[in-house]
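Peer 1: Below is a structure I'd like to ask you about.
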Amino acid sequence: MATSSRIEWTKQTWNPTTGCTKISPGCKHCYAETMAKRLQVMGAPGYDNGFQLSLMEDRLEQSLCRHKPTIYFVNSMPDLLKAEWVENIHHQCKYSGIAFFFKQWGGWGADGKRRAKKANGRTFNGRTWNEMLSLPFGESAR
């Protein structure tokens, strides 16, 4: 189930996938792989395959059950942040008329070099994406 989050820019996390396919030298020090191994040992649902990329079909419609507009951090645990994936999500948001907010690329650059997340930047397709859903005055997304 999507869970409440203490992350300041989101309301809930939603992980319909877990794991990743390693594609660069930066993947050597992946935080999500370390966490996935820990969650697998703990018997957490969705981590039966450890860090092997897995789709949790039973989780796909979870966000549709929410009746209030909600800001989700989608895929906080699988490390799927590849340009093609971001492009696909951006296209789906645009097609559906949904706000698109791109947080950042993470601690490893596309060139495999580790940097502060801020140094890797927040630009995607040449711009910063800060779109947020708008709520009527006085309503909360929580």
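The values are calculated or read from the model by the stated rules, or taken from the named source; none is laboratory data. Since the structure is predicted, the reported quantities are computational estimates derived from the model, not experimental observations. Note: ideal-geometry Cβ built from the backbone for every residue, glycine included; neighbour counts use all protein chains shown.
Peer 1: Are there any pairs with C-beta distances below 9 angstrom linking a residue in region 57-71 that is touching a residue at least 12 places away in the same chain (Cβ under 8 Å) to a residue that is part of a helix (DSSP H, G or I), with the two at least 6 apart or on different chains, and if so which?
Peer 2: Thr70/Ser63
Peer 1: Additional query: Here is a list: Glu61, Glu57, Glu33, Glu8. Which entry is of a type outside the set (A, V, I, L, M), surrounded by fewer than 13 Cβ atoms within 10 Å (Cβ to Cβ) and farther than 27 Å from Glu131 by Cα? Before the answer, list the steps.
Peer 2: Numbers: Glu61 fails: farther than 27 Å from Glu131 by Cα; Glu33 fails: surrounded by fewer than 13 Cβ atoms within 10 Å (Cβ to Cβ); Glu8 fails: farther than 27 Å from Glu131 by Cα.
Among Glu61, Glu57, Glu33, Glu8, only Glu57 is of a type outside the set (A, V, I, L, M), surrounded by fewer than 13 Cβ atoms within 10 Å (Cβ to Cβ) and farther than 27 Å from Glu131 by Cα.
Peer 1: Now for a different question. Any idea which of Ala99, Ala44, Ala110, Ala141 is surrounded by 12 or more Cβ atoms within 10 Å (Cβ to Cβ), assigned to a loop (DSSP other than H, G, I, E, B), touching a Ser or Thr at 6+ places or on another chain (Cβ under 9 Å) and modelled with pLDDT of 85 or more? Walk me through it before giving the result.
Peer 2: Values: Ala44 fails: touching a Ser or Thr at 6+ places or on another chain (Cβ under 9 Å); Ala110 fails: modelled with pLDDT of 85 or more; Ala141 fails: modelled with pLDDT of 85 or more.
After applying the criteria, what remains is Ala99.
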